[in-house]
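Just so it is clear, none of the values below were taken in a lab; they were calculated from the coordinates. What you see is a predicted model; the values in this text were computed from it and never measured. Quick reminder, even Gly has a Cβ in these numbers, built from the backbone with ideal geometry, and neighbours come from all protein chains shown.
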Amino acid sequence: MKAIVIREFGPPGVMKLEEVPTPEPGPGEVLLKVHAVSVNRTLDCKVRAGKYARPVTLPLVPGVDPSGEIVKLGEGVTDRKVGDRVTVALRLGNETSGADAIRLLGVHAWGGYAEYVRAIAANTTIIPDGVDYRTATVVTRHAPTAFFLLSEAQVQPDEWVLVMGAAGGLGSAGVQVAKYLGAKVIAAAGADDRVKVGLELGADAGVNYRAQDLTAEAVRITGGKGVNVVFENIGDPELFPKAFAAMARRGRLVTAGGHGGGVVPLDVNRLYLNHITVMGRTGEHPDAAARSLKMAAEGHFKALIDTVLPLSEAAKAHEIVENRGGLGKVILEPQRT
């Protein structure tokens, strides 16, 4: 089969399209014909560059979130059949939540930048009718995490949620999941067109945090009360304290990202005087992928997709993501020539 292989860390050009043996599914596994896989800034680009926070062994085929069609079953697989359309969870083994689940498909095992990928059957989720592979890949990459983060923050109906990076992969999922849970949402982004995306996804209000005072606007929108939850996945040293200052008493900030650097100032006086909680979380609930795909099938989740490219253009895909160009995810389609 054809696959993108990384044999040395470096710029996008280190990724090469190679002919490699097609894997065979082992006990409890399935072989998937990959139809879509997304490109992610941390789990793909940083891994390729050798800048990922955890050890990575080369050679490696990246790709953490493939979706496709099951073409072969391993021994003992009874709850999946050839022809099933499925997505694959990125965590290896049976771990489904928590920072201790650190072995990831496409990071610690060969992933979905390939025509075929081997996957643990229990880690697959059936794609509902009416949901295409591209959408399924985007939905299962980010919506389960958004559900997990917002549940950890204990979001309640009619509470205000400030979503940072509202037009990004995780941010756009955060906007939609928060609305699905009954919250009121402020979509915050760094450009007017990106704020507009958040509003189109259902946010009740928007703030351009590069052109407006984020704290003042959030407080104004909430009638002087401040937001109950901040959904944060940027970790920018200028933006983080502004979002933090926008929180109401007993507010909760939950974060799963640091694309803006990750080292930020923290107003400890405000933290304890206002009984604020700051949480760092990764993971998802066991049923989150199915719940997220059902949400998409019912028309409650829109997948933002910017560019779709063949496997041979993986380097270009990484350049697009690293340059932060476009709106939405970049998708590779291994079956596309």
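When Val82, Val278 are ordered from fewest to most other Cβ atoms inside 10 Å of their Cβ, what list results? Let's see the in-between values first.
On the way: Val82 11, Val278 16.
Fewest to most other Cβ atoms nearby, the residues stand as Val82, Val278.
Given H placed on each backbone N at 1.01 Å, which residues far from Met247 in sequence or on other chains put an amide H within less than 5 Å of it?
Under 5 Å from the amide H of Met247: Val227.
Using Cβ contacts closer than 10 Å as the measure, can you line up His108, His275, His300 from fewest to most?
By the 10 Å Cβ count, ascending, the order reads His275, His300, His108.
Multiply the residue separation of Gln156 and Arg7 by 0.36 nm, subtract the distance between their alpha-carbon atoms, and state the gained length in nm to one decimal. The partial results should precede the final answer.
Numbers: separation 149, 0.36 × 149 = 53.64 nm, distance 4.71 nm.
Taking 0.36 nm per residue and subtracting the Cα distance, the gain is 48.9 nm.
If each residue of separation counts as 0.36 nm, what is the full-extension length gain between Leu17 and Gln212 once their alpha-carbon separation is subtracted?
Values: separation 195, 0.36 × 195 = 70.20 nm, distance 4.48 nm.
The span from Leu17 to Gln212 would gain 65.7 nm if fully extended.
Each residue of region 237-253 in turn: what ³J(HN,Hα) in whole Hz from Karplus with 6.51, -1.76, 1.60 and θ = phi - 60°, glycine and Pro shown as x?
3J(HN,Hα) across region 237-253, in whole Hz: x, 8, 7, 4, x, 6, 5, 4, 6, 7, 7, 6, 4, 6, x, 10, 10.
Give me the number: length gained by fully extending Ala122 to Met279, i.e. 0.36 nm times residue separation minus the C-alpha to C-alpha distance, one decimal in nm. Don't skip to the answer; put the middle values down first.
Numbers: separation 157, 0.36 × 157 = 56.52 nm, distance 2.90 nm.
Value of the extension gain: 53.6 nm.
Which of the residue pairs Lys33/Lys316; Lys294/Lys329; Lys294/Lys316; Lys16/Lys51; Lys196/Lys316; Lys184/Lys329 have a Cα-Cα distance greater than 30 Å in the structure shown? Could the numbers behind the result be given before it?
On the way: Lys33/Lys316 23 Å; Lys294/Lys329 20 Å; Lys294/Lys316 32 Å; Lys16/Lys51 19 Å; Lys196/Lys316 27 Å; Lys184/Lys329 25 Å.
Beyond 30 Å: Lys294/Lys316.
Add -39500 (n - 2.57) for each DSSP H run of 4 or more in the chain, then divide by its residues: what number comes out at 222 nm, to the nearest 500 deg cm²/dmol?
Values: 8 runs with 81 residues, N = 337.
-7000 deg cm²/dmol, from helical runs alone.
Mind sorting Ile126, Ile70, Ile331, Ile186 by how few other Cβ atoms lie within 10 Å of their own Cβ, fewest first?
Ascending Cβ contact count within 10 Å gives the list Ile126, Ile70, Ile331, Ile186.
Run the Debye formula on the Cα coordinates of region 193-253, all scatterers equal and no solvent, and tell me log10 I(q)/I(0) at q = 0.13, 0.22 1/Å.
Here the Debye-derived log intensity ratios amount to -0.32, -0.96.
Work out how far the C-alpha atoms of region 11-155 reach from end to end along every principal axis, then list the three figures in whole Å, largest first.
Principal extents (Cα only, largest first): 47, 38, 28 Å.
Would you mind computing Rg(Cα) / (2.2 N^0.38 Å) for the chain, counting N as its residues? Walk me through the numbers before you get to the answer.
Working: Rg = 19.8 Å, N = 337, 2.2 N^0.38 = 20.1 Å.
Normalised by 2.2 N^0.38 Å, the Cα Rg of the chain equals 0.99.
Can you give me the distance in nm between label points at Val71 and Lys294, each placed 7 Å from the Cα along the Cα-to-Cβ direction?
Modelled inter-label distance: 3.2 nm.
Restricting the calculation to Cα positions, tell me the Rg (one decimal) and the Dmax (whole number) of region 143-280 in Å.
Spelled out, the Cα radius of gyration and Dmax of region 143-280 are 13.0, 37 Å.
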